[in-house]
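Structure record follows, encoded as structure tokens.
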Amino acid sequence: MRDFAKQALDTAVARGATYADVRVVDTRQRYLSTKNGRPAQVRDSDSLGLGVRVVAHGAWGFASTDNLTRENVDRTAAEAVAIARASALCKKRDVELAPEAGIVDRWIASCRIDPFSVPVVNCLDLMLKVDAELRRQQGVTLAEVAMDFRRIEQLFLSSGGSDIYQLKTQTGAGYVVTAFQNNEIQRRSYPTSFGGQHQTKGYELIEELDLLGHAPRIAEEATALHKADQCPSGVRDIILGSSQLGLQIHESIGHPIELDRVLGTEANFAGLSFLTLEKLNALKYGSDIVNVVADATPAHGPGLGTFAYDDEGVPAQATPIIRAGQFVGYLSSRETAAHIGLPRSSGAMRAEGWNRIPLIRMTNVSLLPGSNGTLADLIASTDDGIYFETNRSWSIDDRRYNFQFGTEIGWEINNGKRGRMLKNPTYAGITTEFWNSCDAICGPSEWVLWGTPNCGKGQPMQTMGTGHGASPARFRRVQVGVAYKD
Amino acid sequence: MKLTRQRAEDIFSRVLKYSTADETEAIIGSTAYSLTRFANNTIHQNVAEEGIGVSVRVVVGQRTARASTNKLDEISVRQVCEAAMGLARLQPPDPELLPMPGAQTFRSVDRFYPGTAELMPQARAEIVRQVIGRAEKDGLTAAGVVSSGMTATSLFNSRGLSAFHEETVSEFSVTMLGPTSSGWAKSTSPNFEALDPEALADRAARKALESCEPREIAPGKYNVILEPAAVLDLLGFLFFDFGGLAIHEQRSCLTGRLGQKLFGDNIHVRDDVYHPLQAGAPFDGEGLPRQRVTLIEDGVVKNVVYARQTARKMGTEPTGHGFPLPNEFGEAPMNIVMDGGRASIEDMIRSTERGLLVTRLWYIREVDPYQKILTGMTRDGTFWIENGEIRHGVKNLRFNQSVIDMLSNVEMMGAPQRTAGEESFEMVVPPVKVRDFSFSSLTKF
């Protein structure tokens with residue numbers, strides 16, 4: 001790998017690149033799923049290739065290939081420089097990068113049990129046991145269980161002198177049970193929806209999740225939803241469960257703090273951001289108890305946004321985003337940091353694979369735990385409200401003001417007690433109004449670092465895994481039930 | 001190196017050499033793709049990629065599994081075969097697994113344009129330069145993409161099936177930004193010459209200029225004219241339910257509704273990969289020929305599509321819409337063609353006393369899977385119409401709308417056109433005017 005990377009780097013510089021970096025990425029994935037008592041997908045895949053990113057003539061170029069011969073690696077590096085020359089035809093100014101020292105390092109993410117070493121038959125056996133348990137509940141019409149293992153090995157070389165090797169193992173698992181009855185489809189998922197929990201760790205995650213132990217409750221709730229009352233519409237105090245709050249953070253904090261969106265370069269697709277530059281250190285984003293960090297360091301936990309160096313070779317950092325409710329930081333790259341006068345990139349440039357350029361992506365954007373005890377304590381301190389659990393739908397405008405979320409299930413809260421189950425719960429709001437209405441956040445015992453494995457951004461589209469730590473929290477006077485209001 | 005049929009056959013012969021499975025299938029594909037991205041009136045990203053991959057599915061007893069790689073050296077080809085066989089042997093048998101299909105006959109579709117395959121970065125940059133010129137003429141800021149490339153896909157199996165298809169792809173999309181407004185336009189085609197970047201840039205610019213200083217309107221139900229991109233954005237969430245397996249598993253909104261009149265009399269939709277404005281291969285992920293299927297006729301759900309295993313399960317014939325096996329989803333129609341009418345968008349505006357014109361929609365998600373309630377936002381050009389004329393731009397609105405109800409409320413339609421958006425795969429759809437489209441809130445811009 002290193003020989004090809006070095007060759008590409010040398011060729012790019014020889015062809016006129018004033019800056020160049022090369023990533024050789026080797027990924028392996030295993031995806032297993034079952035459906036109603038049978039294996040559904042059993043597949044392995046691997047992909048190896050090389051991408052060359054250059055600045056030449058003051059503009060960017062990138063070319064990538066999986067045809068790793070000496071001749072083709074040279075051709076690819078030369079193509080990157082030729083593309084940069086074409087970019088320069090429409091440049092307004094030369095690309096400038098915030099300074100970063102060259103680094104030589106090697107980092108391997110913690111992984112106690114290599115998931116690729118676990119026999120597939122053992123994985124399928126557990127999945128089919130979960131499946132059987134889910135379908136023991138009368139009224140369940142579909143049970144789906146999945147496991148997803150990835151190993152990502154990357155070598156990064158740059159003309160700035162960096163030579164960084166990183167190896168990450170990621171594991172994910174979850175299930176969804178569907179109950180169709182009387183022209184209505186209801187679903188429940190565990191540990192969360194849309195693929196379950198994902199973290200940068202090994203098969204130990206599967207053991208920690210106790211997939212089998214939760215199956216009876218999840219299946220029972222899916223069928224009970226058919227007898228539940230419709231979530232009312234109106235203005236109510238709400239409590240968001242940990243995983244739902246993780247997605248709320250992702251959409252209404254994580255995306256708007258991406259500096260490329262702020263500076264307009266995602267205008268055609270992902271959109272802009274309401275967090276224009278004058279709002280830094282001036283906007284009251286949330287209430288005084290809201291503290292948010294973007295933390296890629298292993299110390300934050302094994303999130304999908306955990307690494308030692310980003311894909312520009314910038315060391316992982318813990319960046320304060322919201323401090324005591326005040327907006328204080330962006331996610332940035334070397335180019336965007338230089339553009340707004342920051343001394344250094346926040347280290348948030350990440351690429352999906354060898355054939356994609358790095359973009360500003362969320363790392364682990366997390367709400368720090370509060371001081372309001374457990375979820376039970378929070379419910380006990382709420383007179384009248386609704387508790388929302390497990391995402392079902394999510395939508396937000398292209399500047400990240402107006403959002404609407406739905407969850408799989410809700411419960412009314414009356415006089416500090418969890419009351420009747422509610423089906424089809426939805427809530428909606430405006431980002432800063434919502435975060436300023438936060439008046440209670442549960443403590444560290446309820447904090448979970450969730451993984452969102454499917455965040456899309458960029459053209460060509462890139463899918464990225466991000467991390468979001470959250471404890472359940474309460475928000476006052478929020479619009480609920482609007483989606484079903486005729 | 002371009003993937004030819006001969007090269008694909010050579011790779012498959014190597015796969016067969018290493019596979020000792022009862023049956024063996026290989027999907028071999030390649031891509032060469034370039035994309036120039038601009039924003040703030042400058043090119044800020046400019047990329048190219050090339051890649052090739054082989055994906056091997058084997059059947060061992062009544063068991064199947066798949067393994068894929070982009071490494072084509074002898075050791076890697078052997079390893080990918082062994083991986084697929086190893087995964088298959090570890091599974092419990094599937095009594096419903098069918099033998100692989102034998103040789104098939106495919107209708108030829110020619111969707112390869114050498115000029116598109118060979119488009120150089122300088123040519124893309126020149127288009128961007130012209131678009132920036134159009135933006136700067138009116139003090140606007142342009143962002144968008146110009147892309148081109150080619151793909152080849154082939155499917156072979158040990159029972160004699162041999163399918164190969166290559167086509168070119170191209171895209172131009174642009175967002176024009178003013179101080180208080182924006183406009184957008186997009187087009188895709190296998191033939192880059194069929195795109196008209198200059199006209200699209202002008203259209204986006206005019207939308208940005210005409211929607212400046214947008215005003216607030218109260219949420220509620222309105223007559224709405226949806227341009228084709230907005231129609232596509234919504235329909236994309238409906239047609240994954242038109243698969244036999246989704247109905248069999250009771251996860252489709254058509255469960256219990258097949259043969260019913262679910263939409264208005266004027267709704268006619270079919271799946272037709274051979275339509276001249278469509279793109280894609282004439283075979284599906286199992287290697288069967290894609291068939292034309294009438295999905296909705298006079299508002300009645302006439303047919304859905306079936307993969308081989310689903311068809312066997314449901315006592316019918318496959319339609320050539322399956323995804324590569326093994327998969328959870330079964331099948332879906334991916335070449336939607338919706339009939340239209342004779343009205344122009346101008347006719348629709350003239351006929352509207354009070355209503356809205358919507359350019360595109362954004363971040364659509366399914367709120368209710370059976371009622372098919374969708375939520376999302378308007379984006380990049382939403383206009384208030386009064387007494388038959390566009391009056392002004394309006395701030396963007398959130399909708400919560402059943403797409404089934406929407407297709408029961410279509411009052412006027414225009415000519416169908418090849419349409420691209422960001423929320424769905426490309427389709428051939430018309431602009432439509434619908435009544436009682438439901439908006440629940442508005443945003444700040």
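Any read-out appearing in this document is the output of simple, stated calculations on the displayed coordinates, not a laboratory observation. Just so it is clear, the structure is predicted and the values come from calculations on it, not from any experiment. Counting neighbours? That spans all protein chains shown, and the Cβs are built from the backbone with ideal geometry, glycine included.
Under the definition of Cα pairs under 8 Å and six or more residues apart, what whole-number percent is the relative contact order of chain B?
Values: 1172 pairs, mean separation 67.2, N = 445.
Relative contact order here is 15 percent.
Determine the distance separating the Cα centre of region B:334-362 from the Cα centre of region A:256-278; give it in Å without decimals.
30 Å
Length gain on complete extension for the stretch B:SER108 to B:ARG292, per 0.36 nm per residue less the alpha carbon to alpha carbon distance? Display every interim value, and only then the final one.
Values: separation 184, 0.36 × 184 = 66.24 nm, distance 1.44 nm.
Taking 0.36 nm per residue and subtracting the Cα distance, the gain is 64.8 nm.
Looking at the calculated P(r) for region A:354-486, what percent of the C-alpha pair distances fall above 23 Å? Can you show the working numbers first?
Working: 3575 of 8778 pairs.
Value for region A:354-486 (Cα pairs over 23 Å): 41 percent.
Output ³J(HN,Hα) for region B:150-157: one whole-Hz value per residue in order, computed from phi by the Karplus curve 6.51 cos²θ - 1.76 cosθ + 1.60 with θ = phi - 60°, and x for Gly and Pro.
Those phi angles translate into 9, 10, 10, 9, 9, 9, 10, 9 Hz.
Pick out, in residue order, every one of the GluC sites (Glu not before Pro) in region B:341-389 that is DSSP loop and has at most 15 other C-beta atoms within 10 Å; say none if there are none. Intermediate results must be reported in sequence, preceding the final value.
Values: sites: B:GLU346, B:GLU353, B:GLU366, B:GLU386, B:GLU389; in loops: B:GLU353.
Answer in residue order: B:GLU353.
Straight-line reach from A:LYS284: which lysines have Cα under 29 Å away, leaving out those fewer than 8 places along the same chain?
Cα-Cα hits under 29 Å: A:LYS457, B:LYS395, B:LYS444.
Report the Cα centroid-to-centroid distance between region B:268-293 and region A:79-136 in angstrom, as an integer.
Result: 34 Å between the Cα centres.
Can you list the trypsin sites (Lys or Arg not before Pro) in region A:73-109 that are in a DSSP coil and have 14 or fewer other beta carbons within 10 angstrom? If you can, show how the numbers build up before the last one.
On the way: sites: A:ARG75, A:ARG85, A:LYS91, A:LYS92, A:ARG93, A:ARG106; in loops: A:LYS91, A:LYS92, A:ARG93.
Here the trypsin sites (Lys or Arg not before Pro) that fit, given the DSSP loop and packing criteria, are A:LYS92, A:ARG93.
Could you pull out every residue, at least 5 positions away or on a different chain, whose amide H is within less than 5 Å of the one on A:ALA40? Hs are placed 1.01 Å off N in the peptide plane, and Pro or chain starts have none.
Result for A:ALA40 returns A:SER33, A:THR34, A:LYS35.
If I model a spin label at B:ASP265 and A:LYS279 as a point 7 Å from the Cα along the Cα→Cβ vector, what separation in nanometres do I get?
For B:ASP265 paired with A:LYS279, the spin-label model returns 5.1 nm.
Using only atoms on other chains, find how many Cβ atoms lie within 10 Å of each Cβ of peptide B:55-66 and report the average. Each step should come with its number before you reach the end.
Numbers: counts 2, 1, 1, 0, 0, 0, 0, 0, 2, 2, 7, 6.
The shielding value for this peptide is 2.
Checking the table B:LYS302/B:LYS372; A:LYS485/B:LYS313; B:LYS137/B:LYS186; A:LYS35/B:LYS372; B:LYS221/B:LYS372 against a 29 Å threshold on Cα-Cα, which pairs fail? Provide the component values of the computation, followed by the final result.
Values: B:LYS302/B:LYS372 19 Å; A:LYS485/B:LYS313 39 Å; B:LYS137/B:LYS186 20 Å; A:LYS35/B:LYS372 24 Å; B:LYS221/B:LYS372 17 Å.
In this structure, A:LYS485/B:LYS313 exceed 29 Å between Cα atoms.
Mind checking which lysines have their Cα closer than 26 Å to the Cα of A:LYS417? Skip sequence neighbours fewer than 8 apart in that chain.
Straight-line reach from A:LYS417, under 26 Å: A:LYS227.
Contact order normalised by length for chain A, with contacts defined as Cα pairs under 8 Å and 6 or more residues apart; what percent is it? Could the numbers behind the result be given before it?
Values: 1327 pairs, mean separation 75.3, N = 486.
Computed value for chain A: 16 percent relative contact order.
List every residue whose amide H lies under 5 Å from the amide H of A:GLN317, counting only residues 5 or more places away in sequence or on a different chain, with H placed 1.01 Å from N in the peptide plane.
Counting only residues 5 or more places away or on other chains, the set is A:ALA296, A:THR297.
Between A:SER395 and residues 5 or more places away or on another chain, which pairs have amide H atoms under 5 Å apart, with H built 1.01 Å from N, and which residues are they?
Residues meeting the amide H criterion: A:GLN404.
To the nearest 500 deg cm²/dmol, what mean residue ellipticity at 222 nm is calculated for the protein assembly as shown from DSSP H runs of n ≥ 4 alone, each contributing -39,500 (n - 2.57), summed and divided by the residues?
-6000 deg cm²/dmol
State the percent of C-alpha pairs, over all pairs in region B:2-102, separated by a distance greater than 18 angstrom.
Values: 2765 of 5050 pairs.
For region B:2-102, the fraction of Cα-Cα distances above 18 Å is 55 percent.
Please work out the FRET efficiency for the pair A:ASN72 and B:GLN250, using the Cβ-Cβ distance as r and a Förster radius of 56 Å; give the result to the nearest 0.05.
0.65
Between A:ILE340 and B:THR180, what's the calculated FRET efficiency when r is the beta-carbon distance and R0 is 22 Å? Round to 0.05.
Values: r = 23 Å, r/R0 = 1.05.
Rounded to the nearest 0.05, the efficiency is 0.45.
For region B:24-37, just list the computed ³J(HN,Hα) in residue order, Karplus coefficients 6.51, -1.76 and 1.60, θ = phi - 60°, integers in Hz, with x standing in for Gly and Pro.
Computed from phi, the couplings for region B:24-37 are 9, 10, 9, 9, 10, x, 9, 9, 9, 8, 10, 9, 10, 10 Hz.
Which values, in whole Å and largest first, are the semi-axes of the equivalent ellipsoid of chain B obtained as the square root of 5 times each eigenvalue of the Cα gyration tensor? Could the numbers behind the result be given before it?
Details: eigenvalues 345, 163, 59 Å².
Semi-axes, largest first: 42, 29, 17 Å.
Can you tell me which aspartates and glutamates have their Cα less than 14 Å from the Cα of B:LYS17? Leave out same-chain residues fewer than eight positions away.
The qualifying aspartates and glutamates are B:GLU9, B:GLU25, B:ASP73, B:GLU74, B:GLU82.
Can you put B:ILE247, A:ILE340 in order, fewest other beta carbons within 10 Å first? Write out the running numbers ahead of the final one.
On the way: B:ILE247 22, A:ILE340 14.
Lowest to highest Cβ neighbour count: A:ILE340, B:ILE247.
Using a basic spin-label model with each label point 7 Å from the Cα along Cα→Cβ, how many nm lie between B:GLU213 and B:ARG14?
My value for the distance between the label points is 6.7 nm.
Per residue of region B:68-77, what does 6.51 cos²θ - 1.76 cosθ + 1.60 with θ = phi - 60° give for ³J(HN,Hα)? Whole Hz please, x for Gly and Pro, Karplus curve as stated.
Karplus values, whole Hz, x for Gly and Pro: 9, 7, 10, 9, 10, 5, 4, 5, 5, 5.
Considering only C-alpha atoms, what is the centroid distance from region B:191-266 to region B:39-113, in Å?
So the separation of the two Cα centres works out to 32 Å.
For region B:23-119, state which trypsin sites (Lys or Arg not before Pro) are in a DSSP loop and have at most 11 other beta carbons lying within 10 Å of their beta carbon. Working shown, then result.
Values: sites: B:ARG37, B:ARG57, B:ARG63, B:ARG66, B:LYS71, B:ARG78, B:ARG89, B:ARG107, B:ARG111; in loops: B:LYS71, B:ARG107.
Filter output for region B:23-119: B:ARG107.
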